Amino acid sequence: MKKERMIFIGDSITEWGKADDTLEIGDNYVRMIRDHYATCEGHLPEIINKGIGGNRITDLKERWEEDVIRLNPDVLSISIGINDVWRQLDCPNMEQVTPEIFEALYHELIKDTQAKTKAKIILMEPTVIEENRHSKGNTLLKPYVEIVQRMSETYQLPLVKTHEAFLNYIDQSLDLPLTIDGVHTTSTGDTLMAKTWIKAILKDKQ
């Protein structure tokens, strides 16, 4: 029987640890989801990690045909948006991805995937920029999160509420941080991402 092919595409949060992993899955939420399938779901899908550090949605657009369409996944999980906002903070002089551009390109990626594959598309909210609900990064991130939420509603696609999960955790003021630098995840952050993904997709299957 052919294995179910699952692609996880995104930025460094998805890529994390892939370069040092012979299986190129990484040491991150993607690996934790893989391990969940192996230990709890009774089958092991083919997991392909297509995260690339620094990527914005414009970068996904450029590599979509090669990294998604040609691989013809059964499941496609998209996590993007952090760098679209972060570059506004650390590289304000570069050409920026506004919410309007982000939304237009997201529409294109979903429509292209639906037209050319039969993949089940899963949308993940971007996580956080600084572990402070009211940081400038999280304020700027809000419309991008809302765009992903609208995409879920418009196309009737499952939504993984990772931004909401991170903010709820931050509000608890626990001693274990979710990130090492305000963005890149610790094992705690990866665990929360994986748990939120699994809960959303299992719920969607019911």
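Nothing in this text is a laboratory measurement; each read-out follows from the coordinates by a stated rule. Because the structure is predicted, anything quoted here is derived from the model rather than measured. When we count neighbours, we look across all protein chains shown, and the Cβ atoms used for this are built from the backbone with ideal geometry, even at glycine.
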* To do: Give K161/K199; K120/K199; K18/K195; K61/K111 a once-over and call out the pairs whose C-alpha atoms are over 18 Å from each other.
  => K18/K195
* **Computed over region 121-164, Cα set: Rg, Dmax in Å** => 10.8, 31
* Report, by chain and number, residues whose modeled amide H sits under 5 Å from the one on T186, excluding near sequence neighbours (fewer than 5 apart, same chain). => T179, I180
* To do: For region 97-110, just list the computed ³J(HN,Hα) in residue order, Karplus coefficients 6.51, -1.76 and 1.60, θ = phi - 60°, integers in Hz, with x standing in for Gly and Pro.
  => 9, 6, x, 5, 5, 4, 5, 4, 5, 4, 4, 4, 5, 5
* Structure fact -> the chain: relative contact order from alpha carbon pairs under 8 Å, six or more residues apart, as a whole percent, is 21 percent
* **Principal axis dimensions, region 5-201 - Cα atoms, whole angstrom, descending** => 40, 37, 32
* Excluding the sites themselves, what is the longest stretch of the chain that contains no trypsin sites (Lys or Arg not before Pro) in a DSSP loop with at most 14 other C-beta atoms within 10 Å? -> 4-117
* Add -39500 (n - 2.57) for each DSSP H run of 4 or more in the chain, then divide by its residues: what number comes out at 222 nm, to the nearest 500 deg cm²/dmol? -> -15000 deg cm²/dmol
